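Colleague: Before anything else, here's the structure in question.
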Amino acid sequence: MRAETKAEVFFHNARSDSHKNRLAKLTELLAKSGLGSRVRPGDLVAVKLHWGEPGNAGYLPVPYARTIVEAIRQIGAKPFLTDTSTLYTGMRRNAVDNVQAAALNGFSLASLQAPVIVADGLCGRDAREVPIPSGTARIATGILDADAMVVLSHVKGHMIFGYAGALKNLGMGCTTPAGKQYLHSDLRPKVDPARCEGDAICVRRCPESCIEMVKGRGGKRVARIDAKRCIGCGECTAACPHGAIPIRWKTSPESIQRKTAEYALAALAGKRDQCLFVNLAIQVTPDCDCCDWNDPPFVPDVGLAASADPVALDVACADLVAASPPCPLSKADGCQGDPWRAVYDVDYRVIFEHAERIGLGSREYALRELSPVKG
């Protein structure tokens, strides 16, 4: 690809002083990367982010989100903070608990002057089907119905993806619990009789009516799934409050990365030119903010980056972190090569390659450094 066709990635390093703090750098970054050309006055603008599972202290601090909200308001648009419900057991499995979790971590109307809205509805089922190269993707209605979107992502590690940034925030973060189950598993769900409470919630939620209640060991009433009729949608896994239909972690890293790239493409349906992507490579922890704990960062804070191209942005951030020295006493301590691979030995570039292949963006980028490296 010729140099003039490379996607622009605007970058501010993490250094700051009395003349320009990090929030001022973020404000400048938003202007330079074209926020004003992607968001129009009156637009309903989704600020897609991850507000962290309570107990985790490594998620992005509130002031960064507030700076983005203020920039959107300056344009005359109407921002709202959003994420979707989770598949796993935690405090974010429905909208009521999810909004409470956001507030516990500091994300609220009072702190941000913008509402916090769970994009897939009260129980994680508000979604529409969007065509993708491999079929269809379930994308939350709150994402699809927004006029524009700013995707604010925390650059960090991940036990399955290796690297997590804009593409994972889009693909995994904009779908319902059932969609997350599809992304995480190629297998059909199976009931654990010992954990089943016999309340038949899964029966009521199954779109194919392939679950029935039967008499189990000791006369206990338990659910049973007809594997031949099951479509693997994951609704039962998401619905069961007892964890009796567990997540099945059998998908290969390559498969989940490709599927997530396609879901990321679907999340941008109808507004590809009304989206801006912002990655913050700070507090680069080994694991997802979904954990209710966090390990120390494995590289020093790198900086703030933004682009109209999510693929180029993720590749640039992955490269910047890969070129950074490992932190002492971190999971990458003593690493002599790529710190991403020292944390999790996963080929994290598969998602970049597939995202480029399906037209989501380009792996070729031109880094536009907005602040020189200080000594």
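Colleague: Just the residues that are of a type in the set (K, R) and either in contact with a Ser or Thr (Cβ under 9 Å, 6 or more places away or on another chain) or assigned by TED's automatic domain parsing to the domain that holds K156 (or both), please, taken from the range 322-375.
Modeller: Restricting attention to the range 322-375, the residues satisfying the condition of being of a type in the set (K, R) are 331, 341, 349, 357, 363, 368, 374.
K331, R341, R349, R357, R363, R368 - these are the residues of the range 322-375 that are of a type in the set (K, R) and either in contact with a Ser or Thr (Cβ under 9 Å, 6 or more places away or on another chain) or assigned by TED's automatic domain parsing to the domain that holds K156 (or both).
Residues are listed down the side, and each one gets a yes or a no for (1) among the aliphatic types (A, V, I, L, M); (2) over 25 Å from Y263 (Cβ atoms); (3) surrounded by 22 or more Cβ atoms within 10 Å (Cβ to Cβ):
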site: K32; (1), (2), (3): no, yes, no
site: G42; (1), (2), (3): no, yes, no
site: V45; (1), (2), (3): yes, no, yes
site: E53; (1), (2), (3): no, no, yes
site: A65; (1), (2), (3): yes, no, yes
site: R73; (1), (2), (3): no, yes, no
site: L81; (1), (2), (3): yes, no, yes
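Colleague: May I pose another question? Considering each residue of the range 164-217, count those that are crowded, with 18+ Cβ neighbours inside 10 Å, among the β-branched types (V, I, T) and farther than 17 Å from A239 by Cβ, and give that number.
Modeller: Residues flagged as crowded, with 18+ Cβ neighbours inside 10 Å, among the β-branched types (V, I, T) and farther than 17 Å from A239 by Cβ within the range 164-217 amount to 0.
Colleague: Taking the criterion of being surrounded by fewer than 22 Cβ atoms within 10 Å (Cβ to Cβ), closer than 20 Å to T82 by Cβ and without any contact (Cβ under 8 Å) to a residue 24 or more places away in the chain, would at least one residue in the range 135-142 satisfy it? Write out each step before concluding.
Modeller: Pass one, the range 135-142, residues surrounded by fewer than 22 Cβ atoms within 10 Å (Cβ to Cβ): 135-136, 141.
Going one step further and asking which of them are closer than 20 Å to T82 by Cβ, we end up with 141.
Then keep just the ones that are without any contact (Cβ under 8 Å) to a residue 24 or more places away in the chain; that gives 141.
Taking every residue of the range 135-142 in turn, at least one turns out to be surrounded by fewer than 22 Cβ atoms within 10 Å (Cβ to Cβ), closer than 20 Å to T82 by Cβ and without any contact (Cβ under 8 Å) to a residue 24 or more places away in the chain.
Colleague: Here's another thing I want to ask about it. Please state which one of L60, L81, L26 is in a loop (DSSP other than H, G, I, E, B) and of a type outside the set (G, A, S).
Modeller: On the way: L81 fails: in a loop (DSSP other than H, G, I, E, B); L26 fails: in a loop (DSSP other than H, G, I, E, B).
Going through L60, L81, L26 in turn, just one is in a loop (DSSP other than H, G, I, E, B) and of a type outside the set (G, A, S): L60.
Colleague: Counting only residues that are more than 16 Å from P310 (Cβ to Cβ) and in contact with a strand residue (DSSP E or B) (Cβ under 9 Å, 6 or more places away or on another chain), how many does the range 21-36 have?
Modeller: Taking the range 21-36 and keeping what is more than 16 Å from P310 (Cβ to Cβ), we get 21-28, 31-32, 36.
Imposing the further condition that a residue be in contact with a strand residue (DSSP E or B) (Cβ under 9 Å, 6 or more places away or on another chain) reduces the set to 22, 25-26, 28, 32.
So the count comes out to 5.
Colleague: Moving to a separate point now. Please go through the range 207-236 and pick out each residue that is at pLDDT 85 or above and either in contact with a Ser or Thr (Cβ under 6 Å, 6 or more places away or on another chain) or in a loop (DSSP other than H, G, I, E, B) (or both). So that I can check it myself, show each step before the final result.
Modeller: As a first pass, look at the range 207-236 and keep what is at pLDDT 85 or above: 209-216, 219-226.
Once the filter is applied, which keeps residues that are at pLDDT 85 or above and either in contact with a Ser or Thr (Cβ under 6 Å, 6 or more places away or on another chain) or in a loop (DSSP other than H, G, I, E, B) (or both), the range 207-236 yields S209, C210, G216, K220, D226.
Colleague: Starting from residues that are touching a residue at least 40 places away in the same chain (Cβ under 8 Å) and surrounded by 17 or more Cβ atoms within 10 Å (Cβ to Cβ), keep the ones in the range 93-110 and report whichever is farthest from H154 (Cα to Cα). Give the derivation first.
Modeller: Restricting attention to the range 93-110, the residues satisfying the condition of being touching a residue at least 40 places away in the same chain (Cβ under 8 Å) are 93, 101-102, 104-107.
Filter again for surrounded by 17 or more Cβ atoms within 10 Å (Cβ to Cβ), leaving 93, 101-102, 105-107.
Numbers: R93: 21, A101: 18, A102: 16, N105: 15, G106: 16, F107: 15 Å.
Checking each candidate, the answer is R93.
The values are calculated or read from the model by the stated rules, or taken from the named source; none is laboratory data. None of the values given here were measured: they were computed from a predicted structure. So basically every Cβ, Gly included, is an ideal-geometry build from the backbone, and we count neighbours across all protein chains shown.
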